[in-house]
Structure formats: structure tokens, C-alpha cells
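Everything on this sheet refers to the single structure shown next.
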Amino acid sequence: MATKVIPGLEGVAAAETRLSYVDGLAGELFIGGHPLMELAPNATFEEAAFLLWHDRLPNGEELAALKSRFQGGQELPRTTKHVLEAAAKRKAPVIDALRMACATLSLGDPNPDDITPAGQLRRAERICAAFPVIVASYVRLREGQDVVPPRDDYGHAANFMYMLSGEEPHADFVRAMDTYLVTAMDHGMNASTFTGRVIVSTESDLYSAITGAIGALKGPAHGGAPGPALDMVFEIGTADRADANIRERLERGERLMGFGHRVYKVRDPRADVLSQAAERLYEQAGDRTLYDLARSVEETALRLLEEYKPGRNLQTNLEYYTALVLHGVGMSAELFTPTFAVGRVGGWSAHCLEQLSHNRLIRPSSVYTGPKDRRWVPLEQR
Ligand code: ACO
């Protein structure tokens with residue numbers, strides 16, 4: 001029987017998972033069994049990661065123990081620091097530096113190939129703990145600034161912001177950051193998660209899997225969209241210019257960043273969570289101008305997407321409001337995708353553990369379309 005190719009594996013279920021439930025037609029997302037709308041504004045990164053790893057929320061003692069293990073993971077191996085210094089000299093993009101540094105984290109691990117569940121869990125914690133340290137240290141090194149070490153009295157999100165700026169982060173900014181990290185943490189069988197699961201399915205190690213996942217996240221069809229989405233809002237500048245600007249883009253055949261999704265055919269529920277977080281943030285800062293402009297650009301974009309691409313149900317995805325939240329807490333556009341990775345690594349690691357808990361090598365097939373009648377021609381006759 002002829003094998004049928006499903007381009008992009010669209011609609012193919014590659015695994016069972018208890019980690020997140022995505023309903024693209026109802027616009028629903030549950031993370032670890034909790035509706036995102038309830039989890040994201042309340043949970044910290046540490047609580048949500050624990051939820052994915054252990055299938056329940058931690059109690060106070062467990063959370064304190066996890067935070068203290070995170071402190072252990074914040075110390076980067078010497079070679080990782082050297083890699084960051086070398087990348088900083090070449091002014092490499094932050095997401096590339098994160099990918100390179102992640103691959104070297106195994107050097108701080110006495111037994112990187114240990115794939116027992118307990119070993120993998122500790123490794124997952126160490127990798128999650130290291131990510132904000134890598135990103136923040138790298139950004140400062142590249143700017144010629146001293147690296148700011150994390151503080152023991154700060155949580156994961158607060159430390160990330162503190163290590164980036166060297167200043168005590170405002171509590172509202174920390175809450176917005178945790179909300180973002182939890183919102184971004186897991187989303188079914190997305191491309192980067194699938195990449196990680198494929199890698200561990202060969203019984204390879206977690207460092208390799210997470211490094212591969214970063215590579216998959218980087219592209220604009222996945223985690224690279226928020227920077228260009230914000231650029232578009234800035235370029236438009238005032239609401240009255242939105243229609244002409246967006247029309248021009250669509251006439252040129254450009255894709256509007258922050259819109260459309262492989263799974264969601266209604267509004268991405270993560271866009272709602274982050275839009276609310278962004279509104280709170282800009283309201284508290286006493287200047288809603290950018291938020292109001294983004295809302296009105298969004299309205300115009302949705303109207304024009306329906307006009308130019310009727311029936312495709314192109315809706316706002318999480319990346320549009322990611323840009324607004326992260327800009328609101330003071331991050332530059334280049335940090336948007338690396339910050340996505342700081343959140344998503346909780347989900348990547350949980351998926352790798354889940355894959356290994358009942359592993360079967362992921363090995364799809366392909367349909368050959370090439371010739372079979374070629375014959376060897378010696379080099380001197382070619
Ligand atoms: N702007 C304009 N047109 C679009 C957009 C968009 N953002 N997205 C899809 N379309 C069009 C396509 O050109 C296609 O048109 P056609 O039928 O005339 O050929 C139609 O809508 C269907 O698009 P597909 O390519 O089949 O959609 P797919 O599921 O492959 O793409 C994707 C999903 C990659 C996210 C796409 O919507 C896109 O490129 N969006 C912009 C980038 C973006 O926001 N990425 C972040 C995604 S969220 C995340 O990964 C965390």
C-alpha cells in the first residue's frame with residue numbers, strides 16, 4: 001500500500017501527553033490540567049515547571065527545596081563562560097549564544113549520559129536554572145559590562161531581570177515576567193518540543209535535546225516572530241496609518257508576524273492572557289499609548305487578513321502580545337526569542353522526561369521520488 005505523505009505532519013498525533021492540552025478550534029489551552037487563564041497570572045516559573053515535572057503543584061517545602069536546587073544550577077561551567085565570552089567578541093545574536101552555551105552545560109555534569117528518571121529530573125532543573133544566567137551574562141558581556149550574579153533571595157523571574165539590568169526589579173514587572181514564562185512554557189507538540197522528543201527518543205542526553213530544541217525555536221515561523229511584530233507596530237506609529245501600512249505588506253505577499261497559527265483557527269488563548277498582562281503593565285506605568293496603538297493595529301490586521309486571506313481564519317497568536325509584555329518590562333527585541341526559550345525550557349525538559357518514561361524511537365518514513373536507474377561513472381569520465 002502506498003504511504004501517504006502528510007506535509008508538515010499536520011494533524012498527525014506523535015505522542016500522548018499529560019503536559020498540555022491545546023484545542024485549536026475552541027481556543028483552549030490547559031497546562032498540567034489547569035486552564036492557562038488561571039495558572040499564568042498566579043504561578044511562578046518554578047511552580048509551573050514543578051507542575052509539569054511532577055504532575056501536581058509543589059507545597060511550600062518542595063518549592064523551597066526546588067529554589068535551592070536552582071541556586072546550584074546557576075553556577076555555569078567554566079567552559080560555558082568561555083563560550084559566552086568568545087561569542088560576545090563576535091557579537092553573536094543572543095539566541096545563538098544560548099544555543100552554543102546550552103551544548104556545553106554537560107561539562108558541569110559528572111554523568112551527562114545518565115538517563116535514569118531521577119538523573120534526568122536533576123538535569124532538567126539544572127538546565128532550567130542555567131538559562132536566565134546564560135542569557136543575562138551574555139547580554140552584559142557583549143555590552144562590555146560586568147556580569148551580575150544571581151541573588152539567593154530572588155525567584156527565577158526576578159533574578160533574570162536583576163541579572164540583566166543590575167537593578168532591583170519592580171514587583172509588577174516580576175509578576176508580568178512570571179506570567180509570560182508560564183504562558184510560554186508548554187504548547188502540545190510544537191516544532192521545538194517535537195525536536196527535543198525526537199532527540200531523546202534515540203536515548204541521547206537532555207543537553208543534546210534542549211540544544212536542538214533551541215535551534216528549532218529560533219525561526220520566524222516559531223519563536224522568532226515577536227521582534228518583527230513589534231517593529232511593525234513601531235513602524236506604523238499612529239493608528240490612522242495602520243490600514244495603508246498593512247495593506248502594503250499584504251500586497252507584497254508578506255506574512256504579518258504575530259498572526260496565524262498551525263493549530264489555532266480562533267484567537268490564541270495565550271494572546272488574551274498576555275494582552276491582559278500587557279494592559280496592566282502599561283496602565284501601571286501610566287502610559288497606555290503603545291498598548292492602545294497595538295490594539296488598534298491588531299484590529300486592522302485581523303480585518304485585512306480576512307479581506308486578503310478569506311476563510312483562512314488567521315488570528316492573533318501569542319507572539320504579538322509577547323512583544324508588548326517583554327518591551328513593557330524593559331527588554332530589547334533581541335531578547336524576545338531567548339526569553340521564550342527561558343520559559344519553554346520547562347516544557348521541553350518535561351516532554352523529554354515524558355518521552356523517556358515510555359520511549360519508542362521516533363522514526364517516521366519517507367516516500368522516495370528519485371530515480372533508480374543511475375549507474376556509477378568513474379571520476380575521470382564525468
Ligand atoms: N500573514 C499573512 N498571511 C498568512 C499568515 C500571516 N501571518 N499566516 C498564514 N498566512 C496565509 C498563508 O500565506 C496561506 O495563504 P494561501 O492559502 O493563500 O497560500 C494561508 O494563510 C495558510 O497558511 P499556512 O502557511 O498553511 O499556515 P501554517 O499553518 O503553515 O502557518 C504560521 C502557521 C507559520 C505560524 C504562519 O501563520 C505564519 O507564518 N505566521 C507569522 C509568523 C508567526 O507569527 N509565528 C509565530 C507562531 S506562534 C508560535 O510558534 C509560538
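Grab the Cα-Cα distance for Ala65 and Leu107, subtract it from 0.36 nm times how many residues apart they are, and report the gain in nm with one decimal.
Going from the current span to full extension adds 12.7 nm.
Which value, in nm² and rounded to one decimal, describes the direction-averaged projected area of the C-alpha convex hull of the range 1-94?
Directional mean of the projected Cα hull area for the range 1-94 stands at 11.6 nm².
Of the options Ser365, Leu326, Leu314, report the single residue whose Cα projects farthest towards the positive end of the charge dipole of the range 279-380 (beta-carbon charges: Lys, Arg +1; Asp, Glu -1).
Toward the positive end, the furthest listed residue is Ser365.
Take each of the peptides 33-45, 320-332, 156-168, average the number of other beta-carbon atoms within 10 Å over its residues, and list them starting from the highest. Don't skip to the end; give the middle numbers.
Working: 33-45: 18.9, 320-332: 24.5, 156-168: 20.6.
So the order, starting with the most tightly packed, is 320-332, 156-168, 33-45.
Extending each Cα 7 Å along its Cβ direction at Asp292 and Leu361, get the distance between those two points in nm, one decimal.
6.1 nm
Keeping every protein chain in place, order Met185, Met100 by accessible area at 1.4 Å, biggest value first, i.e. largest first.
Met100, Met185
Probe radius 1.4 Å, ligands and nucleic acids left out: which of Leu66, Leu353 has the largest accessible area, and how do the rest follow?
Highest to lowest solvent-accessible surface, that is Leu353, Leu66.
Taking 7 Å along the Cα-to-C-beta vector as the label spot, tell me the Asp231-Arg56 distance in nanometres, rounded to one decimal.
That separation, rounded to one decimal, is 4.8 nm.
So how strong a dipole does the chain carry about its Cα centre when Lys and Arg Cβ are +1 and Asp and Glu Cβ are -1, to the nearest 20 debye?
The dipole of the chain has a size of about 1620 debye.
With a ≥ b ≥ c the root eigenvalues of the C-alpha gyration tensor of the chain, is it rounded (a/c under 1.5), prolate (a/b larger than b/c) or oblate?
Rounded is the answer for the chain, as its axis ratio a/c remains below 1.5.
Using helices alone, what [θ] at 222 nm do you get for the chain, with -39,500 (n - 2.57) per DSSP H run of 4 or more residues, divided over all residues and rounded to the nearest 500?
Working: 16 runs with 214 residues, N = 382.
It comes out at -18000 deg cm²/dmol, rounded to the nearest 500.
Report in % the part of the accessible area of the range 178-318 that belongs to carbon and sulfur, leaving out ligands and nucleic acids; probe 1.4 Å.
Percent of accessible area from carbon and sulfur atoms in the range 178-318: 50.
Which order do the peptides 286-293, 265-272, 301-308 come out in when sorted by mean C-beta neighbours inside 10 angstrom, highest first?
Averaged packing, sorted descending, gives the order 265-272, 301-308, 286-293.
Using 0.36 nm per residue, how much length does the chain from Glu283 to Asp240 gain when fully extended, once their Cα-Cα distance is taken away?
Contour length minus the Cα-Cα distance gives 13.2 nm.
Estimate the FRET efficiency between Ala171 and Lys89 by the formula 1/(1 + (r/R0)^6), using the beta-carbon distance for r and 35 Å for R0, to the nearest 0.05.
Here the calculated transfer efficiency is 0.45.
Residue separation times 0.36 nm, minus the C-alpha to C-alpha distance between Glu380 and Ser332: what's the value?
11.6 nm is the gain from fully extending Glu380 to Ser332.
Provide the net charge surrounding Met189, with neighbours chosen by a C-beta distance below 14 Å and charges set as Lys +1, Arg +1, Asp -1, Glu -1.
Net charge in that neighbourhood comes out at -1.
Quick one: if you stick a label point 7 Å off each Cα along the C-beta vector at Arg252 and Val266, how many nm between them?
3.4 nm
Applying a 10 Å radius around every beta-carbon, put 212-218, 112-118 in order of their mean neighbour count, most first. Mind dumping the intermediate values first?
Numbers: 212-218: 22.7, 112-118: 12.7.
Those peptides, ordered most packed to least, come out 212-218, 112-118.
The values are calculated or read from the model by the stated rules, or taken from the named source; none is laboratory data. This one's a predicted model, so the numbers in the text were calculated from it and none came from an experiment. Positions of Cβ are backbone-derived with ideal geometry, glycine not excepted, and every protein chain shown enters the neighbour counts. Calculation scope for accessible area: heavy atoms of the full protein, side chains included, ligands and nucleic acids excluded. Shrake-Rupley method; radii C 1.70, N 1.55, O 1.52, S 1.80 Å.
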